[in-house]
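Below is one structure, written out as structure tokens; the observations come after it.
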Amino acid sequence: MWTFVSPRIVFGEDALDEISTIGIRRALVVTDRTVRELGLVDRVTERLDAAGAAWEVFDGVRPDPDVPTVLAGADVARALEPDWIVGVGGGSPLDAAKAIWVLYERPDLRPAEINPFIDLGLRGRARLITIPTTSGTGADVTWAIVLTDPAEKRKMGLGNRENVADVALVDPAMAAGMPPRLTADTGLDALTHAIEGFTCTWRTDLSDGLCAHAAADVLEFLPRAVEDGADIEARSRMHHAATSAGLGFGNAMASIAHAMGHALGSVLGLPHGRAVGLCLPYTLEFIAREAPDRAALLASRLGISSASGEPGARALAAAVRNLAETIGNPTCLADAGIPSAAFNGTLDKLVDDAENDTQMVTAARSPSPDELRALFVALYDGNTVSF
């Protein structure tokens, strides 16, 4: 048995006009300062004004939102008493919006207590709209919440199926201003979602189709979107791919690349999309030794290789690495600018955090602590994984 969870999704040009049909009385708009300075929040508040809704903006979200940030946002929500929370931005504002919504409705909970195994009882006070401004995280359609614990320098994988958005407004124009590097990083995030959603042990037939379609679009259109941000077709296909991959992996799971990437983000400060995209080819090579079939099947469906077993899985890893090189992203931690002293000094924590990450649960091949350490070392040096 499996369950598929999704918001109502409005995709395409003028998707934001849907705001006028929802009947919003008072909205808390959750975002970050960069998104607000770019004028993207204005596009939302203008429509709230036209709908006669009152609103307030909380723009205190930082990259990799932490627990104090969402606690502050929840305080703002309790003072405002909105009937809708509106998240606008990339994965960080959208994850923060979900957490703020939960804590607004459930002030008895600590952020770390948001988990899939309790009844949250949401929607008694408010509902949630998500509006993505990057083409990568899929946070607009997933129920996952990733928050950083600043005391432990650790990312926490949280969330509950109840906190999936009620409405996702997905307009490619909202992502049209992304610079090339952000386009590349978030695009590799979407690809990692798609491939890990397809290869993890909790995948389903329904998630497979979404993930395979998204992976094909990223491989085809990401180089174009990075090269020419004004390429409307590439922007639109990448925005669609990010949402499709979000639906796919959000109803399956991610895997080892995300577990390692979360550790790299919290300990060494790598942007999330760059971190998971760096890890992906190495983790595909790792599962190729003992559990290659799903990766080989995806390689076949994408027209990368007709080989079965380990050769097919390794062909998929090579295609991911080639894509990163094509769009100018680093393919190892050393090339990403991480000093060897910093890496070696944090290696024990990287291994421990990755081993205990929730995304490790669905790995097609579970690494031992020694294998996980070897994976990080290979990732730093850029060595092919052959163990």
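Taking residue 4 as meeting all but one of (1) in a helix (DSSP H, G or I); (2) farther than 16 Å from residue 85 by Cα; (3) not small (Gly, Ala, Ser), write down the number of the exception.
Tallying (1) in a helix (DSSP H, G or I); (2) farther than 16 Å from residue 85 by Cα; (3) not small (Gly, Ala, Ser), residue 4 fails exactly one: (1).
Check off (1) within 14 Å of the chain's Cα centre (by Cα); (2) over 29 Å from residue 11 (Cα atoms) for residue 288 and give me the number that stays unchecked.
Exception for residue 288: condition (1).
Answer with yes or no whether residue 68 is out of contact with any helix residue (DSSP H, G or I) (no Cβ under 9 Å at 6 or more places or on another chain) and surrounded by fewer than 24 Cβ atoms within 10 Å (Cβ to Cβ).
yes
If a residue has to be more than 18 Å from residue 134 (Cα to Cα) and in a loop (DSSP other than H, G, I, E, B) to count, how many in the range 214-264 make the cut?
5
Which pairs turn up if I take residues in the range 302-322 that are closer than 17 Å to residue 278 by Cα and look for partners that are of a type in the set (Ser, Thr, Tyr) with beta carbon separation below 7 Å, at least 6 apart in sequence or on another chain?
Matching pairs, first to second residue: 315/305; 321/331.
When you look at residue 334, is it in a helix (DSSP H, G or I) and either touching a Cys at 6+ places or on another chain (Cβ under 6 Å) or assigned by TED's automatic domain parsing to the domain that holds residue 252 (or both), yes or no?
Answer is no for this residue.
If residue 246 meets every condition in (1) surrounded by 24 or more Cβ atoms within 10 Å (Cβ to Cβ); (2) touching a Cys at 6+ places or on another chain (Cβ under 7 Å); (3) not acidic (Asp, Glu) apart from one, which number is that one?
Every condition holds for residue 246 apart from (2).
Go over the candidates 370, 381, 348 one by one and state the one that is among the acidic types (Asp, Glu) and touching a residue at least 40 places away in the same chain (Cβ under 8 Å).
Just one listed residue meets the conditions, 381.
Does residue 346 qualify as being in contact with a strand residue (DSSP E or B) (Cβ under 8 Å, 6 or more places away or on another chain) and β-branched (Val, Ile, Thr)?
Considered against the rule, which asks whether it is in contact with a strand residue (DSSP E or B) (Cβ under 8 Å, 6 or more places away or on another chain) and β-branched (Val, Ile, Thr), residue 346 comes out as no.
Condition (residue is buried (at least 16 other Cβ atoms within 10 Å of the Cβ), hydroxyl-bearing (Ser, Thr, Tyr) and at pLDDT 95 or above) applied to the range 347-361: is it met by at least one residue?
For the range 347-361, residues buried (at least 16 other Cβ atoms within 10 Å of the Cβ), hydroxyl-bearing (Ser, Thr, Tyr) and at pLDDT 95 or above: absent.
Given the residues 82, 63, 93, which is the only one that is surrounded by 24 or more Cβ atoms within 10 Å (Cβ to Cβ) and assigned to a loop (DSSP other than H, G, I, E, B)?
Just a single option satisfies the conditions, and that option is 82.
Which residues, taken from the range 129-185, are part of a loop (DSSP other than H, G, I, E, B), among the aliphatic types (A, V, I, L, M) and farther than 28 Å from residue 222 by Cα?
Matches in the range 129-185: 151 only.
Of everything in the range 87-111 that's in contact with a Leu (Cβ under 7 Å, 6 or more places away or on another chain) and of a type in the set (A, V, I, L, M, F, W, C), which residue is farthest from residue 28 (Cα to Cα)?
Filtering the range 87-111 for residues that are in contact with a Leu (Cβ under 7 Å, 6 or more places away or on another chain) and of a type in the set (A, V, I, L, M, F, W, C), the one farthest from residue 28 (Cα to Cα) comes out as 109.
Take the range 300-331 and flag every residue that is touching a Phe, Trp or Tyr at 6+ places or on another chain (Cβ under 8 Å) and either assigned by TED's automatic domain parsing to the domain that holds residue 156 or assigned to a loop (DSSP other than H, G, I, E, B) (or both).
Hits for the range 300-331: nothing passes.
Pick from the range 7-26 the residues that are of a type in the set (Val, Ile, Thr) and not in a loop (DSSP other than H, G, I, E, B): which of them is surrounded by the most Cβ atoms within 10 Å (Cβ to Cβ)?
Among those residues, the one meeting the criterion is 19.
Could you grab me the full set of residues in the range 190-241 that are aromatic (Phe, Trp, Tyr) and over 17 Å from the mean Cα position of the chain (by Cα)?
202, 221
Name the residue, out of 157, 177, that is surrounded by fewer than 22 Cβ atoms within 10 Å (Cβ to Cβ), modelled with pLDDT under 95, under 14 Å from the mean Cα position of the chain (by Cα) and of a type outside the set (S, T, N, Q).
Answer to the check: 157.
The values are calculated or read from the model by the stated rules, or taken from the named source; none is laboratory data. Predicted model, so just to flag it, every value in this text is computed and none were measured. With ideal geometry, Cβ positions are generated from the backbone for all residues, glycine too; neighbour counts draw on all protein chains shown.
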